[in-house]
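Every number in this text was worked out from the coordinates using simple rules, so none of it is lab data. Predicted model, so just to flag it, every value in this text is computed and none were measured. Note: ideal-geometry Cβ built from the backbone for every residue, glycine included; neighbour counts use all protein chains shown.
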Amino acid sequence: MQGAYAELECTAGAPWTVEDEQKHLLAYVPLVKRVVRQLGAQAASSMDRDDMYQVGLLGLLDALRRYGEPDGKFAGYATMRVRGAILDELRRLDWRPRSVRQEAHRVRDGVRNLARTLGREPTQAEVLERLQLTPEAYREFQLAESAAQLAQFDDVIQELPDLHEEGRFSPEAQLFARRSIEEALRALDEREQRVVQLYYEFELSLREIAAVLGLTEARVCQINKAALRKMRGLLLK
């Protein structure tokens with residue numbers, strides 16, 4: 001933590017002392033840990049937990065300096081900023097090597113072709129047989145796809161009109177964003193709503209959601225991807 005704090009220590013000051021700022025930072029460290037745990041399964045092959053934690057701390061410090069004195073609404077704002085900082089770093093690192101991206105394109109195209117042939121979404125067993133994949137390789141593909149969808153959804157939230165006012169949420173922007181998201185959620189089916197709720201509201205990992213719902217991680221990835229695609233389409237209308 002000291003490394004992350006020192007990196008931004010000489011930037012524009014917040015309206016409190018260094019001691020106050022460090023106190024606020026320490027108070028919200030558990031929030032950073034939750035976001036890192038949530039994103040860790042999707043990003044484990046591209047960034048280790050310690051690096052994600054350091055980037056998340058920088059995102060938290062940036063959130064504190066943008067927002068001002070934390071209040072009851074700060075945690076939601078900080079979560080978005082921390083998540084965004086980590087996802088931005090993953091994109092900057094080009095976190096999927098070229099060979100992995102090429103394989104992802106092959107699998108994605110194969111799944112689409114199989115779905116067109118069958119006239120429905122293929123089962124995991126059908127995908128594994130047609131594309132000659134191991135269950136582990138298919139799971140890695142779905143986790144990576146889920147992470148990409150998550151990054152896109154966060155970008156959409158940031159792009160909602162009038163979301164920010166002078167670097168922080170205004171009451172009107174918060175109300176607009178909340179109502180837009182609630183309307184998009186209502187368009188999902190019951191299981192999709194449950195997955196999104198567990199992931200975003202209760203901050204469970206994909207593995208934890210799978211255990212709660214009695215599904216495989218691969219199936220949770222599929223549901224999450226479909227839900228985010230629907231919500232993204234509605235939010236950008």
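Here are some notes:
- FRET efficiency estimate (nearest 0.05) - Cβ-Cβ, Ala104 to Lys73, R0 41 angstrom: 0.65
- Here Lys23, Lys230 are placed in order of increasing Cβ neighbour count within 10 Å, fewest first, which gives Lys23, Lys230.
- Remark: spin-label model distance Arg194-Leu118 equals 2.2 nm, labels positioned 7 Å along the Cα→Cβ axis.
- If you plug the beta carbon distance of Glu183 and Thr216 into 1/(1 + (r/R0)^6) with R0 = 22 Å, you get a FRET efficiency near 0.15.
- Taking 30 Å as the limit for the C-alpha separation, the pairs Lys33/Lys237; Lys33/Lys73; Lys23/Lys237; Lys23/Lys230 exceed it in the case of Lys33/Lys237; Lys23/Lys237; Lys23/Lys230.
- In region 175-237, the chymotrypsin sites (Phe, Trp or Tyr not before Pro) that fall in loop regions by DSSP, at most 16 other Cβ within 10 Å: Phe202
- Given their separation in residues at 0.36 nm each and the Cα-Cα distance between them, Glu126 and Lys23 gain 31.7 nm when the chain is fully extended.
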